[in-house]
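Below is one structure, written out as structure tokens; the observations come after it.
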Amino acid sequence: MVPWNANDYPDAMKNLDKEVREKAIEVANSLVEDGYEEGRAIPIAIDEAEKIGKASNDEMYQLINQNDKWAIKKKGADRASKTFDTKEEALEYGDEQLAKKNIQLKIYRKDGSLERTKKYTDK
């Protein structure tokens, strides 16, 4: 059997988000390599990939302007994790956290409007 890849994967994975599908392909290939039949490996892989996707998306951080400083703050937290003088410094720190923790970072403009959302996979 030829391993599945981003261009050739089971039909059952076609409606998954790209990141979840990539993980499902990886898990399915590993299961088949370990001796699982394709029909059994595919649903297990999809289930595991969806669990991983949900877990990694649970942690949401925000880059916001507070009192003329830029702050990285976990969503729902009372206090910022860290503050910076410039948005660029805060973004640099945010990118480091994205790589370490596989989080999402919502980046806001000074006026409070959402600029964009970054995930580790966006880097």
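The values are calculated or read from the model by the stated rules, or taken from the named source; none is laboratory data. Nothing here was measured: the structure is a model prediction, and the numbers come from that model. So basically every Cβ, Gly included, is an ideal-geometry build from the backbone, and we count neighbours across all protein chains shown. Ligands, DNA and RNA are excluded from the accessible area calculation, which covers all protein heavy atoms including side chains. Shrake-Rupley method; radii C 1.70, N 1.55, O 1.52, S 1.80 Å.
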Could you check segment 82-117 and list, in sequence order, the residues that are polar (S, T, N, Q) and open to solvent by less than 70 Å² (accessible area, probe 1.4 Å)? 86, 97, 102, 104, 113, 117
Give the residues of segment 82-103 that are among the aliphatic types (A, V, I, L, M) and under 12 Å from the mean Cα position of the chain (by Cα), sorted by residue number. 98, 99, 103
Quick check: anything in segment 91-99 among the hydroxyl-bearing types (Ser, Thr, Tyr), modelled with pLDDT of 90 or more and farther than 21 Å from residue 119 by Cβ? no
Give segment 1-41 a look and list any residue that's of a type in the set (S, T, N, Q) and either at positive phi or open to solvent by 90 Å² or more (accessible area, probe 1.4 Å) (or both), or say none. 7, 15
Before we move on, is residue 51 of a type outside the set (Val, Ile, Thr), surrounded by 12 or more Cβ atoms within 10 Å (Cβ to Cβ) and within 23 Å of residue 111 (Cβ to Cβ)? no
In segment 92-107, anything hydrophobic (A, V, I, L, M, F, W, C) and assigned to a strand (DSSP E or B) is listed as 105, 107
Among residues of segment 64-81, those that are over 14 Å from residue 110 (Cα atoms) and either more than 23 Å from the chain's Cα centre (by Cα) or open to solvent by 90 Å² or more (accessible area, probe 1.4 Å) (or both), counted: 3
Checking the structure you have, find out if any residue of segment 52-72 is hydroxyl-bearing (Ser, Thr, Tyr) and touching a residue at least 40 places away in the same chain (Cβ under 8 Å). yes
